1. Against the conditions (1) touching a residue at least 60 places away in the same chain (Cβ under 8 Å); (2) over 50 Å from the mean Cα position of the chain (by Cα), where does SER428 fall short? Just the number, please.
2. Could you list, ordered by first residue, the pairs with Cβ atoms under 8 Å in which the first is in the range 174-185 and surrounded by fewer than 17 Cβ atoms within 10 Å (Cβ to Cβ) and among the hydroxyl-bearing types (Ser, Thr, Tyr) and the second is modelled with pLDDT under 95 and part of a strand (DSSP E or B), at least 6 apart or interchain?
3. Looking only at the range 417-430, count how many residues are surrounded by 15 or more Cβ atoms within 10 Å (Cβ to Cβ), touching a helix residue (DSSP H, G or I) at 6+ places or on another chain (Cβ under 8 Å) and not in a helix (DSSP H, G or I).
4. Among the numbered criteria (1) surrounded by fewer than 18 Cβ atoms within 10 Å (Cβ to Cβ); (2) closer than 25 Å to GLN464 by Cβ; (3) touching a residue at least 60 places away in the same chain (Cβ under 8 Å); (4) touching a strand residue (DSSP E or B) at 6+ places or on another chain (Cβ under 8 Å), which one does TYR433 miss?
5. Any residue in the range 351-366 that's among the polar types (S, T, N, Q): show its pairings with residues that are surrounded by 14 or more Cβ atoms within 10 Å (Cβ to Cβ) and part of a helix (DSSP H, G or I) at Cβ separation under 8 Å, as long as the two are six or more apart or on different chains.
6. Among the numbered criteria (1) more than 30 Å from GLU117 (Cβ to Cβ); (2) surrounded by 10 or more Cβ atoms within 10 Å (Cβ to Cβ), which one does LYS48 miss?
7. Just checking, how many residues over the range 156-167 are under 11 Å from GLN120 (Cα atoms) and free of Cβ contacts under 8 Å to residues at least 24 places away in the same chain?
8. For the range 206-251, how many residues are buried (at least 17 other Cβ atoms within 10 Å of the Cβ) and small (Gly, Ala, Ser)?
Amino acid sequence: MEREVNGEQEKIDKEIFIIKVVVLIVLIIAFIILIVYLVFAPTIDLKKSKEISITYPKVYKEPGYKAKSLFNDLTNKVKVKGKVNSQKIGTYKITYIVKNFLFTAVTTRSVKVVDKEKPQIILKGKEETDVCPNANYQEEGYEVTDNYDKDLKDKVKVTVTDNEIVYTVKDSSGNKAKVIRKLIYQDKIKPDLKLKGSTNLSLTIGSTYLESGYTAIDNCDGDVWGNVKVMGSVNPNKLGTYTLTYNVQDKAGNEAIATRKVTIRNIQKTNSGCGIAGAIYLTFDDGPNASSTAQILNVLKEEGVKATFFVTNAGPDALIKRAYDEGHTIGLHTASHKYNVVYASVNNYFNDLNAVANRVKRITGYDSKFIRFPGGSSNTVSRKYSSGIMTRLASEVVNRGYKYYDWNVDSGDAGTCAKSKSSSCVYSTTTRYLSKNKCNMVLMHDIKSYTADALRNIIKYGKQNGYIFKQIDSSTPIVSQGINN
(Lines give C-alpha, C1' and ligand atoms only; values in the text may rest on other atoms or scores of the structure.)
Protein backbone atom coordinates (compact mmCIF):
# COMPACT_ATOMS: atom_id res chain seq x y z
CA MET A 1 0.00 0.00 0.00
CA GLU A 2 2.78 2.35 0.95
CA ARG A 3 4.60 1.40 -2.28
CA GLU A 4 1.58 2.39 -4.37
CA VAL A 5 1.37 5.74 -2.65
CA ASN A 6 5.03 6.41 -3.25
CA GLY A 7 4.70 5.46 -6.90
CA GLU A 8 1.81 7.79 -7.38
CA GLN A 9 3.75 10.63 -5.75
CA GLU A 10 6.73 10.05 -8.02
CA LYS A 11 4.44 10.26 -11.05
CA ILE A 12 3.03 13.57 -9.83
CA ASP A 13 6.47 14.95 -9.12
CA LYS A 14 7.62 13.93 -12.58
CA GLU A 15 4.69 15.69 -14.20
CA ILE A 16 5.33 18.78 -12.14
CA PHE A 17 8.94 18.70 -13.20
CA ILE A 18 7.97 18.42 -16.84
CA ILE A 19 5.57 21.31 -16.45
CA LYS A 20 8.26 23.42 -14.89
CA VAL A 21 10.66 22.54 -17.65
CA VAL A 22 8.06 23.43 -20.30
CA VAL A 23 7.25 26.68 -18.59
CA LEU A 24 10.93 27.47 -18.35
CA ILE A 25 11.41 26.74 -22.04
CA VAL A 26 8.41 28.88 -22.93
CA LEU A 27 9.73 31.69 -20.81
CA ILE A 28 13.13 31.36 -22.38
CA ILE A 29 11.57 31.43 -25.89
CA ALA A 30 9.37 34.37 -24.97
CA PHE A 31 12.37 36.15 -23.60
CA ILE A 32 14.30 35.45 -26.75
CA ILE A 33 11.39 36.69 -28.89
CA LEU A 34 11.10 39.79 -26.77
CA ILE A 35 14.78 40.45 -27.13
CA VAL A 36 14.56 39.88 -30.89
CA TYR A 37 11.51 42.18 -31.12
CA LEU A 38 13.17 44.87 -29.09
CA VAL A 39 16.25 44.62 -31.24
CA PHE A 40 14.65 44.30 -34.69
CA ALA A 41 11.07 45.64 -34.52
CA PRO A 42 10.83 48.94 -36.56
CA THR A 43 8.96 52.11 -35.64
CA ILE A 44 7.88 55.07 -37.84
CA ASP A 45 7.63 58.59 -36.51
CA LEU A 46 5.85 61.16 -38.71
CA LYS A 47 7.08 64.72 -38.69
CA LYS A 48 4.32 67.22 -37.98
CA SER A 49 0.78 65.94 -37.48
CA LYS A 50 -0.90 62.81 -38.73
CA GLU A 51 -3.70 65.09 -39.92
CA ILE A 52 -2.65 67.97 -42.18
CA SER A 53 -4.82 70.58 -43.88
CA ILE A 54 -3.55 72.57 -46.90
CA THR A 55 -5.31 75.45 -48.64
CA TYR A 56 -6.04 75.09 -52.37
CA PRO A 57 -4.09 75.62 -54.61
CA LYS A 58 -1.04 75.31 -52.38
CA VAL A 59 1.10 72.32 -53.38
CA TYR A 60 1.43 69.54 -50.80
CA LYS A 61 5.00 68.93 -49.64
CA GLU A 62 5.85 65.82 -47.64
CA PRO A 63 6.76 66.97 -44.09
CA GLY A 64 8.97 63.92 -43.63
CA TYR A 65 9.28 60.89 -41.40
CA LYS A 66 11.85 58.78 -39.56
CA ALA A 67 12.02 54.97 -39.16
CA LYS A 68 14.31 53.00 -36.88
CA SER A 69 14.88 49.84 -34.89
CA LEU A 70 16.77 49.60 -31.60
CA PHE A 71 20.19 49.92 -33.17
CA ASN A 72 19.52 50.86 -36.84
CA ASP A 73 18.15 53.84 -38.84
CA LEU A 74 15.61 52.39 -41.27
CA THR A 75 14.39 55.68 -42.82
CA ASN A 76 15.75 54.84 -46.27
CA LYS A 77 13.77 51.60 -46.28
CA VAL A 78 10.38 53.28 -45.83
CA LYS A 79 7.94 52.91 -48.71
CA VAL A 80 5.34 55.68 -49.16
CA LYS A 81 2.06 54.92 -50.87
CA GLY A 82 -0.61 57.37 -51.89
CA LYS A 83 -0.63 60.83 -53.56
CA VAL A 84 -2.18 64.19 -52.83
CA ASN A 85 -3.84 66.07 -55.74
CA SER A 86 -3.41 69.65 -54.61
CA GLN A 87 -5.67 70.82 -57.47
CA LYS A 88 -8.70 68.92 -56.20
CA ILE A 89 -10.46 69.45 -52.92
CA GLY A 90 -10.74 66.29 -50.80
CA THR A 91 -9.10 64.07 -48.16
CA TYR A 92 -6.14 61.92 -49.13
CA LYS A 93 -4.40 59.04 -47.21
CA ILE A 94 -0.64 58.63 -47.28
CA THR A 95 0.64 55.22 -46.03
CA TYR A 96 4.18 54.65 -44.75
CA ILE A 97 5.55 51.05 -44.59
CA VAL A 98 8.90 49.73 -43.37
CA LYS A 99 10.09 46.13 -42.95
CA ASN A 100 13.01 44.85 -40.82
CA PHE A 101 13.83 41.17 -40.36
CA LEU A 102 10.49 39.54 -39.55
CA PHE A 103 8.71 42.72 -38.48
CA THR A 104 6.65 45.34 -40.43
CA ALA A 105 5.56 48.79 -39.26
CA VAL A 106 2.69 50.70 -40.91
CA THR A 107 1.33 54.18 -40.21
CA THR A 108 -0.87 56.67 -42.12
CA ARG A 109 -1.24 60.41 -42.52
CA SER A 110 -4.48 62.20 -43.53
CA VAL A 111 -4.07 65.21 -45.85
CA LYS A 112 -7.08 67.43 -46.45
CA VAL A 113 -7.12 69.91 -49.38
CA VAL A 114 -9.54 72.74 -48.55
CA ASP A 115 -10.74 75.96 -50.23
CA LYS A 116 -11.02 78.91 -47.89
CA GLU A 117 -11.17 81.72 -50.46
CA LYS A 118 -14.56 83.27 -51.13
CA PRO A 119 -15.79 84.03 -54.67
CA GLN A 120 -15.55 87.50 -56.22
CA ILE A 121 -18.58 89.31 -57.63
CA ILE A 122 -17.62 92.08 -60.05
CA LEU A 123 -20.43 94.46 -60.97
CA LYS A 124 -20.65 96.03 -64.39
CA GLY A 125 -21.40 99.72 -64.12
CA LYS A 126 -21.19 101.49 -60.78
CA GLU A 127 -21.94 100.27 -57.28
CA GLU A 128 -23.94 103.47 -56.82
CA THR A 129 -26.10 103.84 -59.91
CA ASP A 130 -28.40 106.66 -60.91
CA VAL A 131 -31.80 105.46 -62.10
CA CYS A 132 -34.31 107.61 -63.91
CA PRO A 133 -37.20 108.58 -61.63
CA ASN A 134 -40.25 106.36 -62.06
CA ALA A 135 -38.20 103.91 -64.11
CA ASN A 136 -37.03 100.39 -63.43
CA TYR A 137 -33.35 99.71 -63.12
CA GLN A 138 -32.01 97.83 -66.11
CA GLU A 139 -29.46 95.31 -64.89
CA GLU A 140 -26.01 96.22 -66.22
CA GLY A 141 -24.69 92.78 -65.47
CA TYR A 142 -22.02 91.17 -63.33
CA GLU A 143 -19.29 88.58 -63.47
CA VAL A 144 -18.46 85.99 -60.81
CA THR A 145 -15.16 84.19 -60.43
CA ASP A 146 -13.93 81.70 -57.89
CA ASN A 147 -10.42 80.38 -57.38
CA TYR A 148 -11.71 76.78 -57.47
CA ASP A 149 -15.17 76.68 -59.03
CA LYS A 150 -14.27 79.30 -61.68
CA ASP A 151 -17.56 80.62 -63.11
CA LEU A 152 -20.43 80.70 -60.62
CA LYS A 153 -22.57 83.22 -62.49
CA ASP A 154 -25.54 80.87 -62.75
CA LYS A 155 -25.48 80.38 -58.96
CA VAL A 156 -25.74 84.07 -58.05
CA LYS A 157 -28.83 85.01 -56.08
CA VAL A 158 -30.11 88.51 -56.85
CA THR A 159 -32.39 90.21 -54.36
CA VAL A 160 -34.02 93.49 -55.40
CA THR A 161 -35.37 96.06 -52.97
CA ASP A 162 -36.51 99.65 -53.48
CA ASN A 163 -33.08 101.19 -53.11
CA GLU A 164 -30.59 98.42 -53.61
CA ILE A 165 -29.78 95.14 -55.27
CA VAL A 166 -28.00 92.46 -53.29
CA TYR A 167 -25.92 89.86 -55.10
CA THR A 168 -24.89 86.74 -53.13
CA VAL A 169 -23.16 83.54 -54.14
CA LYS A 170 -21.69 80.49 -52.39
CA ASP A 171 -19.01 78.21 -53.80
CA SER A 172 -18.84 74.42 -53.44
CA SER A 173 -16.82 74.76 -50.21
CA GLY A 174 -19.41 77.00 -48.61
CA ASN A 175 -17.44 80.26 -48.95
CA LYS A 176 -19.89 83.14 -49.37
CA ALA A 177 -19.59 86.48 -51.21
CA LYS A 178 -21.94 89.45 -51.13
CA VAL A 179 -22.02 92.73 -53.09
CA ILE A 180 -24.59 95.52 -52.92
CA ARG A 181 -25.52 97.94 -55.71
CA LYS A 182 -27.22 101.06 -54.41
CA LEU A 183 -29.92 102.63 -56.58
CA ILE A 184 -30.28 106.41 -56.55
CA TYR A 185 -33.43 107.59 -58.32
CA GLN A 186 -32.43 110.88 -59.87
CA ASP A 187 -31.69 112.44 -63.27
CA LYS A 188 -28.61 114.65 -63.45
CA ILE A 189 -27.82 114.20 -67.15
CA LYS A 190 -28.77 116.91 -69.61
CA PRO A 191 -30.29 115.99 -72.98
CA ASP A 192 -27.96 115.25 -75.88
CA LEU A 193 -28.63 118.16 -78.22
CA LYS A 194 -26.90 117.93 -81.60
CA LEU A 195 -27.14 120.31 -84.53
CA LYS A 196 -27.34 118.89 -88.01
CA GLY A 197 -25.09 120.45 -90.60
CA SER A 198 -22.41 123.01 -89.86
CA THR A 199 -22.41 125.14 -86.75
CA ASN A 200 -20.62 127.91 -88.70
CA LEU A 201 -22.34 128.75 -91.96
CA SER A 202 -21.33 131.36 -94.51
CA LEU A 203 -23.89 132.45 -97.09
CA THR A 204 -23.78 135.05 -99.84
CA ILE A 205 -26.20 137.92 -99.49
CA GLY A 206 -29.60 137.20 -100.97
CA SER A 207 -29.31 133.46 -100.40
CA THR A 208 -32.03 131.50 -98.65
CA TYR A 209 -31.18 130.24 -95.19
CA LEU A 210 -32.55 126.77 -94.61
CA GLU A 211 -32.45 125.32 -91.11
CA SER A 212 -30.41 122.09 -91.19
CA GLY A 213 -32.22 120.77 -88.14
CA TYR A 214 -31.25 119.18 -84.87
CA THR A 215 -31.79 116.14 -82.66
CA ALA A 216 -32.41 116.00 -78.91
CA ILE A 217 -32.35 112.74 -77.00
CA ASP A 218 -32.61 112.52 -73.21
CA ASN A 219 -31.41 109.58 -71.15
CA CYS A 220 -34.67 109.46 -69.19
CA ASP A 221 -37.28 111.21 -71.34
CA GLY A 222 -36.23 109.80 -74.70
CA ASP A 223 -36.75 111.94 -77.79
CA VAL A 224 -37.31 115.55 -76.67
CA TRP A 225 -36.93 117.05 -80.15
CA GLY A 226 -40.33 118.69 -79.82
CA ASN A 227 -39.20 120.58 -76.71
CA VAL A 228 -36.32 122.36 -78.44
CA LYS A 229 -36.66 126.14 -78.55
CA VAL A 230 -34.78 128.08 -81.23
CA MET A 231 -33.99 131.69 -80.43
CA GLY A 232 -32.69 134.19 -82.95
CA SER A 233 -33.16 134.68 -86.68
CA VAL A 234 -31.17 135.16 -89.88
CA ASN A 235 -31.71 138.01 -92.35
CA PRO A 236 -30.12 136.75 -95.58
CA ASN A 237 -30.50 140.21 -97.14
CA LYS A 238 -28.36 141.99 -94.57
CA LEU A 239 -24.62 141.55 -94.08
CA GLY A 240 -23.53 140.35 -90.67
CA THR A 241 -23.10 137.36 -88.38
CA TYR A 242 -26.23 135.94 -86.78
CA THR A 243 -26.34 133.59 -83.79
CA LEU A 244 -29.08 131.01 -83.40
CA THR A 245 -29.45 129.50 -79.92
CA TYR A 246 -31.06 126.10 -79.41
CA ASN A 247 -32.33 125.23 -75.92
CA VAL A 248 -33.99 122.14 -74.49
CA GLN A 249 -34.81 120.93 -70.97
CA ASP A 250 -35.79 117.51 -69.68
CA LYS A 251 -38.43 116.84 -67.02
CA ALA A 252 -35.80 117.05 -64.29
CA GLY A 253 -34.80 120.54 -65.42
CA ASN A 254 -31.45 119.61 -66.93
CA GLU A 255 -30.73 122.06 -69.74
CA ALA A 256 -28.75 121.67 -72.96
CA ILE A 257 -27.75 124.60 -75.18
CA ALA A 258 -26.18 124.73 -78.64
CA THR A 259 -25.46 127.61 -80.99
CA ARG A 260 -25.09 128.06 -84.72
CA LYS A 261 -23.44 131.08 -86.33
CA VAL A 262 -24.57 132.19 -89.79
CA THR A 263 -22.51 134.80 -91.62
CA ILE A 264 -24.07 136.70 -94.53
CA ARG A 265 -21.27 137.98 -96.79
CA ASN A 266 -20.95 139.78 -100.10
CA ILE A 267 -20.77 137.73 -103.27
CA GLN A 268 -17.14 136.81 -103.93
CA LYS A 269 -15.90 137.21 -107.44
CA THR A 270 -14.12 134.12 -108.65
CA ASN A 271 -11.83 133.70 -111.62
CA SER A 272 -12.77 132.06 -114.86
CA GLY A 273 -9.02 131.80 -115.30
CA CYS A 274 -6.25 131.01 -112.87
CA GLY A 275 -4.21 134.19 -112.79
CA ILE A 276 -1.42 133.06 -115.16
CA ALA A 277 -2.14 133.79 -118.81
CA GLY A 278 -0.80 131.18 -121.21
CA ALA A 279 -0.69 128.47 -118.55
CA ILE A 280 -2.25 125.05 -119.12
CA TYR A 281 -3.53 123.16 -116.06
CA LEU A 282 -4.14 119.54 -117.02
CA THR A 283 -6.73 118.19 -114.56
CA PHE A 284 -8.04 114.65 -114.55
CA ASP A 285 -11.31 113.50 -112.94
CA ASP A 286 -12.85 110.16 -111.90
CA GLY A 287 -9.67 108.06 -111.57
CA PRO A 288 -7.56 106.25 -110.98
CA ASN A 289 -7.91 103.55 -113.61
CA ALA A 290 -5.46 100.66 -113.68
CA SER A 291 -4.74 100.99 -117.41
CA SER A 292 -5.36 104.54 -118.61
CA THR A 293 -4.12 106.36 -115.48
CA ALA A 294 -0.89 104.39 -115.59
CA GLN A 295 -0.47 105.37 -119.29
CA ILE A 296 -1.15 109.04 -118.48
CA LEU A 297 1.44 109.00 -115.68
CA ASN A 298 3.98 107.49 -118.07
CA VAL A 299 3.37 110.27 -120.64
CA LEU A 300 3.55 113.03 -118.03
CA LYS A 301 6.81 111.63 -116.69
CA GLU A 302 8.37 111.34 -120.13
CA GLU A 303 7.26 114.86 -121.09
CA GLY A 304 8.28 116.40 -117.74
CA VAL A 305 4.81 117.82 -117.07
CA LYS A 306 2.98 118.02 -113.74
CA ALA A 307 -0.81 117.69 -113.54
CA THR A 308 -3.67 117.53 -111.05
CA PHE A 309 -5.75 114.41 -110.35
CA PHE A 310 -9.19 114.78 -108.73
CA VAL A 311 -9.61 111.22 -107.47
CA THR A 312 -12.51 109.02 -106.36
CA ASN A 313 -12.69 105.90 -104.22
CA ALA A 314 -12.30 103.69 -107.30
CA GLY A 315 -9.16 102.20 -108.80
CA PRO A 316 -5.84 101.03 -107.34
CA ASP A 317 -4.28 102.75 -104.31
CA ALA A 318 -0.87 102.28 -105.90
CA LEU A 319 -1.62 104.75 -108.74
CA ILE A 320 -2.64 107.50 -106.31
CA LYS A 321 0.58 106.87 -104.41
CA ARG A 322 2.58 106.93 -107.64
CA ALA A 323 1.00 110.20 -108.81
CA TYR A 324 1.72 111.80 -105.44
CA ASP A 325 5.29 110.48 -105.30
CA GLU A 326 5.97 111.78 -108.81
CA GLY A 327 5.01 115.30 -107.75
CA HIS A 328 1.49 115.63 -109.12
CA THR A 329 -1.26 117.35 -107.14
CA ILE A 330 -3.88 115.04 -105.64
CA GLY A 331 -7.29 116.69 -105.40
CA LEU A 332 -10.62 115.33 -104.13
CA HIS A 333 -13.53 114.66 -106.46
CA THR A 334 -16.06 112.29 -104.87
CA ALA A 335 -16.10 108.89 -103.23
CA SER A 336 -19.22 107.57 -104.96
CA HIS A 337 -20.02 110.00 -107.82
CA LYS A 338 -23.72 109.33 -107.18
CA TYR A 339 -25.53 112.66 -107.56
CA ASN A 340 -28.64 111.48 -105.74
CA VAL A 341 -26.48 110.63 -102.72
CA VAL A 342 -23.90 113.42 -102.80
CA TYR A 343 -26.36 116.26 -103.34
CA ALA A 344 -29.19 115.02 -101.11
CA SER A 345 -27.95 117.21 -98.24
CA VAL A 346 -24.94 119.14 -96.99
CA ASN A 347 -24.19 116.30 -94.57
CA ASN A 348 -24.29 113.77 -97.38
CA TYR A 349 -21.86 115.81 -99.46
CA PHE A 350 -19.30 116.08 -96.67
CA ASN A 351 -19.68 112.43 -95.70
CA ASP A 352 -18.83 111.55 -99.31
CA LEU A 353 -15.98 114.08 -99.43
CA ASN A 354 -14.54 112.85 -96.14
CA ALA A 355 -14.54 109.29 -97.43
CA VAL A 356 -12.31 110.12 -100.42
CA ALA A 357 -10.21 112.51 -98.30
CA ASN A 358 -9.54 109.72 -95.83
CA ARG A 359 -8.48 107.46 -98.66
CA VAL A 360 -5.96 109.99 -99.96
CA LYS A 361 -4.65 110.62 -96.43
CA ARG A 362 -4.28 106.89 -95.80
CA ILE A 363 -2.38 106.33 -99.05
CA THR A 364 -0.19 109.44 -99.16
CA GLY A 365 -0.28 110.95 -95.68
CA TYR A 366 -1.37 114.17 -97.45
CA ASP A 367 -4.42 116.18 -96.30
CA SER A 368 -5.69 117.57 -99.61
CA LYS A 369 -7.77 120.76 -99.63
CA PHE A 370 -8.34 120.96 -103.39
CA ILE A 371 -11.75 119.78 -104.60
CA ARG A 372 -13.86 119.55 -107.73
CA PHE A 373 -17.60 119.20 -107.30
CA PRO A 374 -19.18 116.29 -109.19
CA GLY A 375 -20.59 118.01 -112.29
CA GLY A 376 -18.86 121.26 -111.32
CA SER A 377 -20.12 124.04 -109.05
CA SER A 378 -22.43 125.24 -111.86
CA ASN A 379 -24.31 121.94 -112.16
CA THR A 380 -28.09 122.00 -112.19
CA VAL A 381 -28.67 118.28 -111.63
CA SER A 382 -28.39 118.92 -107.90
CA ARG A 383 -31.70 120.81 -108.03
CA LYS A 384 -33.46 117.45 -108.30
CA TYR A 385 -32.19 116.45 -104.87
CA SER A 386 -31.86 119.64 -102.82
CA SER A 387 -32.81 123.15 -103.81
CA GLY A 388 -30.01 125.70 -103.27
CA ILE A 389 -27.48 123.11 -102.16
CA MET A 390 -24.68 124.33 -104.45
CA THR A 391 -25.02 127.82 -103.00
CA ARG A 392 -24.65 126.39 -99.51
CA LEU A 393 -21.83 124.03 -100.43
CA ALA A 394 -19.80 126.66 -102.30
CA SER A 395 -19.74 128.72 -99.10
CA GLU A 396 -19.33 125.84 -96.69
CA VAL A 397 -16.35 124.23 -98.43
CA VAL A 398 -14.51 127.55 -98.27
CA ASN A 399 -15.45 127.91 -94.61
CA ARG A 400 -13.85 124.52 -93.99
CA GLY A 401 -10.60 125.46 -95.68
CA TYR A 402 -11.15 123.94 -99.15
CA LYS A 403 -10.70 125.52 -102.57
CA TYR A 404 -12.82 124.29 -105.45
CA TYR A 405 -12.00 124.29 -109.16
CA ASP A 406 -14.24 124.21 -112.20
CA TRP A 407 -12.77 124.44 -115.71
CA ASN A 408 -12.76 126.82 -118.67
CA VAL A 409 -11.55 124.31 -121.27
CA ASP A 410 -13.44 121.05 -121.79
CA SER A 411 -11.56 118.28 -123.60
CA GLY A 412 -14.87 116.73 -124.62
CA ASP A 413 -13.75 113.26 -123.52
CA ALA A 414 -16.96 112.85 -121.51
CA GLY A 415 -19.11 114.79 -123.95
CA THR A 416 -18.69 115.45 -127.68
CA CYS A 417 -15.90 112.85 -128.03
CA ALA A 418 -17.46 110.17 -125.83
CA LYS A 419 -19.48 108.57 -128.63
CA SER A 420 -16.60 108.25 -131.08
CA LYS A 421 -14.01 107.56 -128.37
CA SER A 422 -11.53 109.23 -130.66
CA SER A 423 -8.20 110.52 -129.42
CA SER A 424 -8.07 112.95 -132.34
CA CYS A 425 -11.42 114.39 -131.20
CA VAL A 426 -10.03 114.95 -127.70
CA TYR A 427 -6.91 116.55 -129.16
CA SER A 428 -8.76 118.93 -131.50
CA THR A 429 -11.43 119.85 -128.94
CA THR A 430 -8.82 120.69 -126.30
CA THR A 431 -6.41 122.66 -128.48
CA ARG A 432 -9.26 124.57 -130.14
CA TYR A 433 -10.16 126.32 -126.87
CA LEU A 434 -6.66 127.01 -125.55
CA SER A 435 -5.72 130.67 -125.36
CA LYS A 436 -2.60 132.58 -124.32
CA ASN A 437 -4.84 135.37 -123.08
CA LYS A 438 -6.15 133.31 -120.17
CA CYS A 439 -5.23 130.60 -117.74
CA ASN A 440 -6.44 127.33 -119.24
CA MET A 441 -8.00 124.97 -116.69
CA VAL A 442 -8.54 121.82 -118.79
CA LEU A 443 -11.13 119.19 -117.82
CA MET A 444 -10.07 115.65 -118.71
CA HIS A 445 -10.85 112.17 -117.40
CA ASP A 446 -8.04 109.73 -116.73
CA ILE A 447 -10.45 106.79 -116.93
CA LYS A 448 -10.73 107.30 -120.71
CA SER A 449 -8.24 105.35 -122.83
CA TYR A 450 -8.67 107.74 -125.77
CA THR A 451 -7.76 110.66 -123.48
CA ALA A 452 -4.56 108.86 -122.55
CA ASP A 453 -3.87 108.31 -126.26
CA ALA A 454 -4.37 112.04 -127.01
CA LEU A 455 -2.32 113.41 -124.10
CA ARG A 456 1.16 113.36 -125.61
CA ASN A 457 0.05 115.29 -128.72
CA ILE A 458 -1.78 117.87 -126.55
CA ILE A 459 1.38 118.42 -124.50
CA LYS A 460 3.49 118.71 -127.66
CA TYR A 461 1.05 121.26 -129.06
CA GLY A 462 1.32 123.31 -125.90
CA LYS A 463 5.11 123.23 -125.88
CA GLN A 464 5.38 124.09 -129.58
CA ASN A 465 3.04 127.06 -129.20
CA GLY A 466 4.68 128.67 -126.20
CA TYR A 467 2.34 127.51 -123.41
CA ILE A 468 3.57 126.55 -119.96
CA PHE A 469 2.18 123.66 -117.92
CA LYS A 470 1.17 124.16 -114.28
CA GLN A 471 -0.44 122.13 -111.53
CA ILE A 472 -2.92 123.38 -108.94
CA ASP A 473 -1.23 124.45 -105.71
CA SER A 474 -2.00 126.68 -102.74
CA SER A 475 -1.43 129.82 -104.83
CA THR A 476 -4.02 128.82 -107.45
CA PRO A 477 -7.23 130.84 -106.92
CA ILE A 478 -10.67 129.29 -106.94
CA VAL A 479 -12.02 128.71 -110.45
CA SER A 480 -15.81 128.84 -110.72
CA GLN A 481 -18.21 128.87 -113.65
CA GLY A 482 -20.89 130.35 -111.39
CA ILE A 483 -23.54 128.85 -109.10
CA ASN A 484 -26.83 127.81 -110.71
CA ASN A 485 -28.48 126.17 -107.70
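The values are calculated or read from the model by the stated rules, or taken from the named source; none is laboratory data. Just so it is clear, the structure is predicted and the values come from calculations on it, not from any experiment. So basically every Cβ, Gly included, is an ideal-geometry build from the backbone, and we count neighbours across all protein chains shown.
1. Unmet condition: (1).
2. Within 8 Å, the pairs are TYR185/ASP130; TYR185/VAL131.
3. Residues that pass the stated criteria total 2.
4. (3)
5. Matching pairs, first to second residue: THR364/ILE320; THR364/LYS321; THR364/TYR324.
6. Here LYS48 clears every test but (1).
7. Total satisfying the criteria: 0.
8. So the count comes out to 2.
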